[in-house]
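Below is one structure, written out as structure tokens; the observations come after it.
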Amino acid sequence: MSLEPTPLHDPFPAPVAVSDGALITAATVHPPVGMAAVGDAAVAEPPAPPAGDGAKPLDAAAVPVEWRRMINRELSWLDFNARVLALAESPGVPLLERVRFLAIFSRNLDEFFQVRVGGLKQQVLLGVGQRSPDGLSAREQLRAIRARVNDMVARHSRCYTDDVAVGLEQAGIRICDWSTLE
């Protein structure tokens with residue numbers, strides 16, 4: 001059983017952030033977003049969580065004030081990795097440094113999925129209903145992670161293909177398959 005929805009259909013639409021006692025849906029949040037930066041986003045009524053989510057429905061009026069000030073640990077980590085990717089995308093950074101930043105981004109993302117996303121998926125499978133300090137359930141965090149990572153991976157690919165690989169070729173550095181080596 002896969003917990004990840006297909007790109008065309010998310011069977012579990014749910015809120016991803018809390019701001020001033022109102023829930024913000026995934027459709028209204030654009031990466032990178034900290035809890036304090038959701039001010040003008042459209043507000044939606046909180047839908048009931050899907051069966052088996054493990055988390056109790058979150059009444060927007062009952063959201064503790066301290067949750068509104070929290071930044072999600074996983075999403076904050078992705079914001080950090082987005083800054084690493086931004087360095088790789090910067091044309092002012094020397095070419096080989098950009099290659100290093102792309103490699104660091106990929107390595108960080110691999111570890112993130114192995115450790116943090118793996119832990120969230122286990123929480124969903126076990127039906128753990130405890131929310132993170134910012135008020136998100138494990139399933140809501142996975143949805144928010146998916147939205148941000150899809151964009152970052154596309155940016156990473158574009159940066160390498162359109163900029164870095166072309167720059168390396170112009171500098172006389174070629175990436176070759178084993179079969180093409182002499």
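Among the residues in segment 103-118, are any more than 16 Å from the chain's Cα centre (by Cα), surrounded by fewer than 15 Cβ atoms within 10 Å (Cβ to Cβ) and free of Cβ contacts under 8 Å to residues at least 60 places away in the same chain?
Yes.
Mind listing whichever residues of segment 136-159 are in contact (Cβ under 8 Å) with a residue 12 or more places away in the chain and closer than 14 Å to ALA86 by Cβ?
Of everything in segment 136-159, those that are in contact (Cβ under 8 Å) with a residue 12 or more places away in the chain and closer than 14 Å to ALA86 by Cβ turn out to be ARG148, ASP151, MET152, ARG155, HIS156, CYS159.
Restricting attention to segment 53-76, which residues are in a helix (DSSP H, G or I) and either out of contact with any helix residue (DSSP H, G or I) (no Cβ under 9 Å at 6 or more places or on another chain) or modelled with pLDDT of 95 or more (or both)? Reasoning before the result, please.
Filtering segment 53-76 down to residues in a helix (DSSP H, G or I) leaves 60-62, 65-68, 73-76.
Selection gives ALA60, ALA61, ALA62, VAL65, GLU66, SER76.
Residue by residue through segment 140-174, note down the ones that are over 19 Å from ASP79 (Cα atoms) and of a type in the set (D, E, K, R).
Going through segment 140-174, the residues over 19 Å from ASP79 (Cα atoms) turn out to be 160-174.
Passing the criteria: ASP162, ASP163, GLU169, ARG174.
When residues of segment 167-182 are filtered for being assigned to a helix (DSSP H, G or I) and surrounded by 12 or more Cβ atoms within 10 Å (Cβ to Cβ), how many remain? It would help to see each step written out before you state the result.
Taking segment 167-182 first, the residues assigned to a helix (DSSP H, G or I) are 167-170, 178-180.
Checking which are surrounded by 12 or more Cβ atoms within 10 Å (Cβ to Cβ) leaves us with 167-168.
Final tally of qualifying residues: 2.
Give the residue that is surrounded by the most Cβ atoms within 10 Å (Cβ to Cβ), with candidates limited to residues of segment 77-102 that are out of contact with any helix residue (DSSP H, G or I) (no Cβ under 9 Å at 6 or more places or on another chain) and in a loop (DSSP other than H, G, I, E, B).
Among those that are out of contact with any helix residue (DSSP H, G or I) (no Cβ under 9 Å at 6 or more places or on another chain) and in a loop (DSSP other than H, G, I, E, B), it is PRO94.
Is it the case that GLY135 is on the phi > 0 side of the Ramachandran plot and assigned to a loop (DSSP other than H, G, I, E, B)? Write out each step before concluding.
Working: on the phi > 0 side of the Ramachandran plot: yes; assigned to a loop (DSSP other than H, G, I, E, B): yes.
Here the answer is yes, as GLY135 does meet what is asked.
The values are calculated or read from the model by the stated rules, or taken from the named source; none is laboratory data. Just so we're clear, the structure is a prediction, and the values are computed from it rather than from any experiment. Quick reminder, even Gly has a Cβ in these numbers, built from the backbone with ideal geometry, and neighbours come from all protein chains shown.
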